[in-house]
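First the structure, in the form of structure tokens, and then the observations on it.
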Amino acid sequence: MKFVSIIIGSKSDYDAMSECAKTLEKFNVKYELVVSSAHRSAERTKTYVKNAEAKGAVVFIAAAGMAAHLAGAVAAITTCPVIGVPMAGSAVNGIDALFSTVQMPSGMPVATVAIGKTGAVNSAYLAMQILSLSNEELFVKLQEDRVKKAKQVEADSKDIEVLISGI
């Protein structure tokens, strides 16, 4: 069974990353979510990633704040796609996490999304796009979701638009 693994660096990341889980649930995509730190529990992280791969994890989403670069640690362990979600919470509101996540050495890629809840949701969508390469049903669901979003923009505009005023 293929699934997405969500690893968060601390319990404080759960509020934002629960949005990732909710997005995957909306599309009936299987996932697991665990807390494991790249620095405070390095051995746990390594063991978890290897065990998750053996169970069927095909995409890893790793979320951490400050410069605690969980996504990079995960990328060092697996060749599966890794999506990094920088978390806010530091004195610089997640910019340190963003830089540490996006600045990976050549040959060790981590796809990096926005800081916080927006990144959490986008990480779910990116994981599903990866999964949809070999899952036609999920591919169709994602296409339908895009159409629905476009129609919502049109409906929102009709509620408030003024095309020519004062003539």
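Quick grid of which residues meet (1) more than 11 Å from the chain's Cα centre (by Cα); (2) polar (S, T, N, Q):
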residue: A71; (1), (2): no, no
residue: V74; (1), (2): yes, no
residue: A97; (1), (2): yes, no
residue: G107; (1), (2): yes, no
residue: Q129; (1), (2): yes, yes
residue: L133; (1), (2): yes, no
residue: Q152; (1), (2): yes, yes
residue: I160; (1), (2): yes, no
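Within region 31-53, not a single residue is β-branched (V, I, T) and over 17 Å from I8 (Cβ atoms). For N135, the conditions (1) in contact with a Lys or Arg (Cβ under 9 Å, 6 or more places away or on another chain); (2) among the polar types (S, T, N, Q); (3) loosely packed, with under 15 Cβ neighbours inside 10 Å all hold with the exception of (3). Note on region 41-77: residues that are touching a residue at least 12 places away in the same chain (Cβ under 8 Å), surrounded by fewer than 18 Cβ atoms within 10 Å (Cβ to Cβ), in a loop (DSSP other than H, G, I, E, B) and not hydrophobic (A, V, I, L, M, F, W, C) amount to 1. When A64, A120, A91, A124 are screened for being under 30 Å from E43 (Cβ atoms), at pLDDT below 95, within 13 Å of the chain's Cα centre (by Cα) and of a type outside the set (D, E), only A64 passes. In region 136-157, the residues that are more than 14 Å from L126 (Cα to Cα) never reach a residue that is basic (K, R) with C-beta atoms less than 8 angstrom apart, at least six apart or across chains.
The values are calculated or read from the model by the stated rules, or taken from the named source; none is laboratory data. Note that the structure is a prediction, hence the values are computed from the model and not measured. Because the Cβ atoms are built from the backbone with ideal geometry, glycine has one as well, and the counts that use them run over all protein chains shown.
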